[in-house]
Every structure is written in structure tokens, then in C-alpha cells.
Amino acid sequence: MYASKLFTKSALTAALITALIPAANAATDAEVDALRNEVAQLRAMIMQQQHNLAPMHAMPAGQPPAAPAKGFKMNTASGAEVELYGTLRADAAYVLEGNDNYTSNIPGVGAPGTAGNTEDKLNTSVQSTRFGLNFKSDTKDANKLGGKLEVDFVNGANNSDGSLRIRHAYLTYNDWLAGQTKSTFLGHSPEILDAGTNVGTGFKRVPMVRYQHNLMPDTQVMVGLEQGKSAGNSTNAKYQLPTLVARVNQNFAGKQGVASLRGLVESYDAERPGTAAVAPINVLAADGTTIVGTIPGKAATAGATDSMTGYGIGAGVNYKFNKMFEGFADVNYVKGNSGLVHGTTNAYAFNGDDAEANEALSWMVGGAFNINPKLRSTIGYSEVNFDDSSDYAKIASIATGTGAESNEKLHSIFANLIYSPVKQVDLGVEYHDGQRETFNGTKFDDDRVSVTAAYKF
């Protein structure tokens, strides 16, 4: 009824105004003023009708929208808005040569036939299936409270359906975040079917407390305290303090692009594994093929530790050239730090009771293509290069050809094609070529073709 009345009044108003314009041109000032008053009154009536009509379209309290744009939404009794989402996913990987798993592991790949490695084998898994909850609630004093919980099943052994794993679990209060999510230090993560191929960047999620603030509309700063993740050869670092991480994000070109500058610093005790004396250590030539000398082994003390300081800097940029293409690049340098940038597996190594820091420079470039509304593709290349002139490189070089010697270089190239016949479904195929090279010059390959079918809700 209200809608019908509103339409009728609107039509009458329009007709009245049209009819009165010629008359107003010839009328006296008094008549014009009268007409203006009548029009103003009609406008006020229409606005009041619109106000009265609005509650008719409002969603009753506690009811979800009829057609949610993303996930399934509902309101709790306390007034919080909760969104359930997830991805049902099945993966298969044909390993031409490399790590015997449905995901790649370039930093630890060995020769075919060695433990954990294979060739010409099909592996399947549903471990990447995930479920999540987002929630948000406005407090009585207009502060904003929110959070996320997301899990998958990637805790299991190779080629098995693993146990539940927490990916994200955090609360937000205005500009503060507390809980576990992707490290503030890490740069861009491209759309990739096999996350294990993404060396040189990262996807590590760690517990943290973080403050973020928009200094200007296009400038955001983040400062956080995060759980340290560095480790050495067969031993973990011992932390008394969390890792300090800072980041600046800058939008540019009308938000067509975003650049980031990142840094971290950490302090920990490196704990030496074992108590046996260290044998003389081979010093290799620059090409890693010949021994040019030795370092005397040092006696080790039971329970010995060495204080270490790790740090890192990183920078990245993403730029959307047009509707079809977005380019990205990222670079990181870390010393005495591991566990965040994918591929930096050892932060230090011991000679006797002395720990020597490992150094790594990594970079990645690539592009994302929106071929059409249903078809997209991402390609990328990345490297991790470890300093072969460091003391770490000298003491980490052991018998050539065993596959256990420390990494000097990792590289990875991937290309995928993803087809979405409907919005909720992704069908993808990806080729990956990866290689690990040690300080002793030994090379190991990890080459595979992966396919994915996923339903998102």
C-alpha cells in the first residue's frame, strides 16, 4: 500500500511541476512563492513516505540475508555477524622426479630412490580442504571487534589425509590484531596450486600481536611482535623475546599498484646438537667442486649455546596494468633467520661451540592474467641464493654427493591455468620445475604436474 501511494504521489508531483512551469513564468511574485511552497510540501511528504517504507525492507533481527554475496552469514544472539566459508578441494600430482608428496619440497629434495623421493608416480590428496569463520561486531562505544578461524588438514604424512591444522586464528580490535596469521614480514603470495613451489617468498603463519594504522589514505604502517621460527641444523633456536617486525604499505597510481617495505630483527640462543668433536671441515673452491683447504674441527661442550642476532629486509610491488594483467615482484635478504622465507631452512651451523649465521638473498617475479571471466593464469619464477663465501658455507659443506649438504641455490618456475565454469568452482592445472643445488655442486630436481578441483562456498 505504501509503495502504491508513494508511486502515485511521485507521478502527481512530476505532472504538477511540469504543468506549473509555464504558468510560473507569467505569474506574479506572490503566485511564484505560493507554487514553490506547494512543491516543497509535496517533496516533504514524499520523503516521509520513503522513511516509513524503509522498515518494510529491513531484514528481521537474527536472520541472514536471502542471498549472501560470500559464504553463509548469520547473526548470533549477542549481535555479532558470523560468516561461514570453505573450500572442498581434491589434488593430484604426477611427480616426474622429486619429492614423494602431493606438494613440492624443493629445499629438501634428493635423488630419486633416496628416502622421500621418487619419479614417475601419481599422488593424490584432499588435505587442502579448508573451513573458516569470520566474525565482526560493533561494540556499544563504536569500537570494532572482529576475528577469523580457519583450518585445513595438512598435518598428515605424505599422501595421507592429515589431522586438523589451524591456519588462522586471531581477534581484531580496531587497529590491533592478536593471534595467528601470515607473518607481517612476508610479501606477495601469487595464486598457485602447489604452495610448496613458492620458494623465496612465503606463506608462514605465526602467533603475533600486531598494530596497524593508516597514516594517510594510501599509506599503512604495521608493527608486530611475532613468535620466532629460526632453527639450525637439527636444532631449534631458544628465544627469550619475540621477533620484532615492521612494515609499510604504499598505494600508488590511483591504487592500481601497491609497494611494501619490510624489516625484522630477532635475538636468540643457538643450541648446539650433540657433544662430539667436529671433524676437520672442507673448504671448497668458489665453484664448489674442489677442496682448497680445511678448517680444524673444534671440541664441543655439552649443552653449549651461542647468542645470535638475526635480521631481514624485504620489498615488493604489485601493479595492475589493465583489467587483464597484473605484475608482481618481491625480494628478501635475511641473515641468521629461517622459517619465514620459504627455502631458508637453516639459520646457522656450528663449528664446535661457535654458531655461524647463514645468509640468503631471494627474489620472485611473475604475472597474473585474467584471460576472460572464466579463465585465468599465473606464472612466476623465484630463486633463493645462499652466500657461498660465508663461514656458514664452509662449515656446512660435507661429503659430496650424499644429498645432505647445505643448499647454495634453489630455483622454481611455475605456470598454471584455472578454469571456473561457475563462480564457486575452480578446475586447475599447473606445471612446476624446481631445482636444488648444494655448496658441493650437487643438483637435485623436483618436476611435477598438478591438477586441482575445488568448490568454494
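Before moving on, here are some points about what is shown:
- For the pair Phe369 and Ser420 in one chain, pulling the backbone fully straight at 0.36 nm per residue adds 17.0 nm over the alpha carbon distance.
- Ordering of 130-142, 437-449 by packing [mean C-beta count within 10 Å, highest first]: 437-449, 130-142
- Rounded to the nearest whole Hz, the Karplus-based 3J(HN,Hα) values (6.51 cos²θ - 1.76 cosθ + 1.60, θ = phi - 60°) of the stretch 253-261 follow the sequence 6, x, 6, 6, x, 9, 10, 9, 10, with x at glycine and proline.
- Under 15 Å from the Cα of Lys204 - aspartates and glutamates, other chains or at least 8 residues apart: Glu150, Asp152, Asp194, Glu226
- Relative packing of peptides 407-414, 310-317 - highest average C-beta neighbours within 10 Å first: 407-414, 310-317
- Efficiency of FRET from Cβ geometry, Val265 and Phe203, R₀ 22 Å, rounded to 0.05: 0.50
- Modelled spin-label separation between Asp387 and Leu241, with each label point placed 7 Å from Cα along the Cα-to-Cβ direction: 2.2 nm.
- Put simply, when 217-223, 334-340 are sorted by average Cβ atoms within 10 angstrom per residue, most first, you get 334-340, 217-223.
- Segment Leu84-Thr139, length gained on full extension (0.36 nm per residue, minus Cα span): 17.7 nm
- Cα point-scatterer Debye curve for the stretch 74-456, base-10 log of I(q)/I(0) at q = 0.06, 0.08 Å⁻¹: -0.26, -0.47
- Scattering from the stretch 316-395 was approximated by placing one identical point on each alpha carbon and applying the Debye formula without solvent; log10 I(q)/I(0) at 0.12, 0.21, 0.25 1/Å stands at -0.49, -0.90, -1.09.
- Modelled spin-label separation between Gln256 and Asn37, with each label point placed 7 Å from Cα along the Cα-to-Cβ direction: 5.7 nm.
- Net lengthening on full extension, Val126/Gln227 (0.36 nm per residue, minus Cα-Cα): 33.4 nm
No lab work stands behind these numbers, since they all come straight from the coordinates. The structure displayed is predicted, hence computed values, not measured ones. A quick note on method: Cβ atoms are made from the backbone with ideal geometry, for glycine too, and the neighbour counts reach across all protein chains shown.
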